[in-house]
Amino acid sequence: MRAVDIIEKKRNGYELTKEEIEFMVNGFTKGTDVADYQMSAFNMAVYFRGMTDKEATYMTHAMLHSGDVLDLTKIKGVKVDKHSTGGVGDKTSLVVGPIVAALGAKFAKMSGRGLGHTGGTLDKLESIPGYNVGISEEEFFKQVNEIGIALMGQTQDLAPADKKLYALRDVTATVESIPLIASSIMSKKLAAGADVISLDVKVGSGAFMKNLDDAEKLARLMVSIGRLSGKIMSAELTNMDEPLGLAVGNSLEVIEAINTLKGKGPKDFEDLCVEVSAELLFDGGLVKSLAEGLVKSREQINNGKAFDKFVELIKAQGGDISYILNPDKFPKAKYVYEVKSEKDGYVCKMDALAIGHASMCLGGGRKQIGDIIDHAVGIVLNKKVGNKVLKGETLAYVHSNTENPLDVLKTVLDAYTIGNEVVSPKLVLKVIK
Ligand code: URA
């Protein structure tokens, strides 16, 4: 086989075979038969020509088998996992994990770090002193067997082909290809080994997918890849035109997750966590209907069992639980600035990307891989889409360790569109089964 022939075949719009796709992925990853410039041309051909579900599944499997595949058979019970395509203020795993684990599911999750405007679950967890995201695989299995939940970082050798391919896509304008995104995400999800997977595909200004059509295509393709690989799949398309919940920033989001686990969190966020949990429980056969899943998931919040499970998780991974029991202990930013509305009206639109960017500029996110994160900084919204606001009222609080971060304050103010229109935002836009 020759890379040039495969590139030409894809460029001309023909369907590739399993062997041809494996040749490209393996040859590129090992640096043998496929040069970087050939893989770049291949990616561009895929960008314009797309891939069938079968091709995308072959691509996913080639990347998945380039490294370690976790064998979760060592864990007894139904192994569930969730994935969000990344948004602003998305701390869902911190709440969904404890809810489903409290109801008997095994939540064995590997998470990533944040880059750019979206935060990573690992960075959030690391704002809890002592929490070890680097536990060994053996410890991971043991912990999930004992308490039903573990949240750790991805092992170095999980889908290495994806790491190399993503780095190339990033500099060749081929990130935004639906089959390439789907195979990238699903290679890591499948390598992590769960039986039941729920995908949260974010749509809107703060997400990869800016419109519902593209988000639906991506969600359907990922669901199809998962099913063709023998997994039980579901997906939700959720709104990322405004941040999820109120808090954006690492320890601020952990505090919001703690409040939500105690039934005192923002309603949009609690509702989404309950919905994703119910989906996982139903698909995993742990409840008889979605409706029962919803009731039981909400019950775990109200009876304190989800919170207790979170405390167990943090303790098992070495975190100082006094911070969970008393969130006032989390280090605070030196300054809290209020961003005030300049007019009366209703919040009719928000720019989630701008809020994520503002948090990153405060030090809450990474501009580049390897940047050190300031866990205390971030933004807490006081108004969201649909809220009435008066001139001089606080729209958001900016938690900063820099005095007068004028650019950030302006970014947050500009992220709000205040008008006369009363908008009722919808969080879950579509469920794909
Ligand atoms: N997230 C991933 O893991 N891969 C992509 O290609 C895009 C988003």
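Against the definition (open to solvent by 40 Å² or more (accessible area, probe 1.4 Å) and in contact with a Gly (Cβ under 8 Å, 6 or more places away or on another chain)), how does N382 come out, yes or no?
Criteria not met by N382.
Can you tell me which residues in region 298-314 are open to solvent by less than 60 Å² (accessible area, probe 1.4 Å) and either of a type in the set (F, W, Y) or assigned to a helix (DSSP H, G or I) (or both)?
Residues satisfying the conditions are Q300, I301, A306, F307, K309, F310, V311, L313, I314.
Filter region 161-178 down to the residues that are more than 10 Å from the ligand (Cβ to nearest atom) and either among the small types (G, A, S) or open to solvent by less than 30 Å² (accessible area, probe 1.4 Å) (or both) and list them by number.
A161, A167, L168, A173
If only one of G27, G77, G31, G67 is within 16 Å of the ligand (Cβ to nearest atom) and surrounded by fewer than 24 Cβ atoms within 10 Å (Cβ to Cβ), which one is it? Break it down stepwise before answering.
Details: G27 fails: within 16 Å of the ligand (Cβ to nearest atom); G77 fails: within 16 Å of the ligand (Cβ to nearest atom); G31 fails: within 16 Å of the ligand (Cβ to nearest atom).
Of the residues listed, the single one that is within 16 Å of the ligand (Cβ to nearest atom) and surrounded by fewer than 24 Cβ atoms within 10 Å (Cβ to Cβ) is G67.
Condition first: farther than 20 Å from K430 by Cβ, open to solvent by 10 Å² or more (accessible area, probe 1.4 Å) and not in a loop (DSSP other than H, G, I, E, B). Now tell me which residues in region 271-297 satisfy that.
Result: E292, V295, K296.
Just to be sure before I move on: is V88 outside any helix (DSSP H, G or I) and surrounded by fewer than 23 Cβ atoms within 10 Å (Cβ to Cβ) in the structure I sent?
It is false that V88 is outside any helix (DSSP H, G or I) and surrounded by fewer than 23 Cβ atoms within 10 Å (Cβ to Cβ).
Across region 362-378, what is the total count of residues that are buried (at least 21 other Cβ atoms within 10 Å of the Cβ) and in contact with a strand residue (DSSP E or B) (Cβ under 8 Å, 6 or more places away or on another chain)?
So the answer is 6.
So, A45, is that one assigned to a helix (DSSP H, G or I), over 24 Å from the mean Cα position of the chain (by Cα) and closer than 12 Å to S177 by Cβ or not?
Answer is yes for this residue.
Considering only region 142-151, I want to know if a residue exists there that is open to solvent by 10 Å² or more (accessible area, probe 1.4 Å), within 12 Å of the ligand (Cβ to nearest atom) and not in a loop (DSSP other than H, G, I, E, B).
No; the residues of region 142-151 include none that is open to solvent by 10 Å² or more (accessible area, probe 1.4 Å), within 12 Å of the ligand (Cβ to nearest atom) and not in a loop (DSSP other than H, G, I, E, B).
When region 320-349 is examined, which residues are found to be polar (S, T, N, Q) and touching a strand residue (DSSP E or B) at 6+ places or on another chain (Cβ under 6 Å)?
S341
Checking P425 against (1) free of Cβ contacts under 8 Å to residues at least 40 places away in the same chain; (2) under 26 Å from the mean Cα position of the chain (by Cα), which test does it fail?
Result: P425 passes all but (1).
Would you mind stating whether F307 is under 20 Å from K106 (Cβ atoms) and hydrophobic (A, V, I, L, M, F, W, C)?
When the stated conditions are applied, F307 passes them.
Give just the number: which of (1) open to solvent by 30 Å² or more (accessible area, probe 1.4 Å); (2) in a loop (DSSP other than H, G, I, E, B); (3) more than 22 Å from T60 (Cβ to Cβ) does D157 not satisfy?
Of (1) open to solvent by 30 Å² or more (accessible area, probe 1.4 Å); (2) in a loop (DSSP other than H, G, I, E, B); (3) more than 22 Å from T60 (Cβ to Cβ), only one is false for D157: (3).
Mind checking whether some residue in region 187-199 is part of a helix (DSSP H, G or I), farther than 20 Å from V96 by Cα and at pLDDT 90 or above?
Scanning region 187-199, I find at least one residue that is part of a helix (DSSP H, G or I), farther than 20 Å from V96 by Cα and at pLDDT 90 or above, so the answer is yes.
Taking the condition of being touching a Pro at 6+ places or on another chain (Cβ under 9 Å) and either open to solvent by 30 Å² or more (accessible area, probe 1.4 Å) or without any contact (Cβ under 8 Å) to a residue 12 or more places away in the chain (or both), how many residues in region 197-255 meet it?
Qualifying residue count for the region: 3.
Sort out which residues of region 91-108 are open to solvent by 10 Å² or more (accessible area, probe 1.4 Å) and in contact with an Asp or Glu (Cβ under 8 Å, 6 or more places away or on another chain), and write them in order of number.
Result: A102, single match.
Filter region 145-155 for residues that are among the β-branched types (V, I, T) and over 21 Å from the mean Cα position of the chain (by Cα) and give the result.
The one that is among the β-branched types (V, I, T) and over 21 Å from the mean Cα position of the chain (by Cα): I147.
Working only within region 149-178, note down all residues that are within 30 Å of V311 (Cα to Cα) and acidic (D, E).
If the condition is that a residue be within 30 Å of V311 (Cα to Cα) and acidic (D, E), then D157 is the only one that fits.
The values are calculated or read from the model by the stated rules, or taken from the named source; none is laboratory data. Predicted model only: the values in this text are computed from it and were never measured. Please note: Cβ atoms are built from the backbone with ideal geometry, for glycine as well, and neighbour counts cover all protein chains shown. Accessible surface areas use protein heavy atoms only, side chains included; no ligands, DNA or RNA. Shrake-Rupley method; radii C 1.70, N 1.55, O 1.52, S 1.80 Å.
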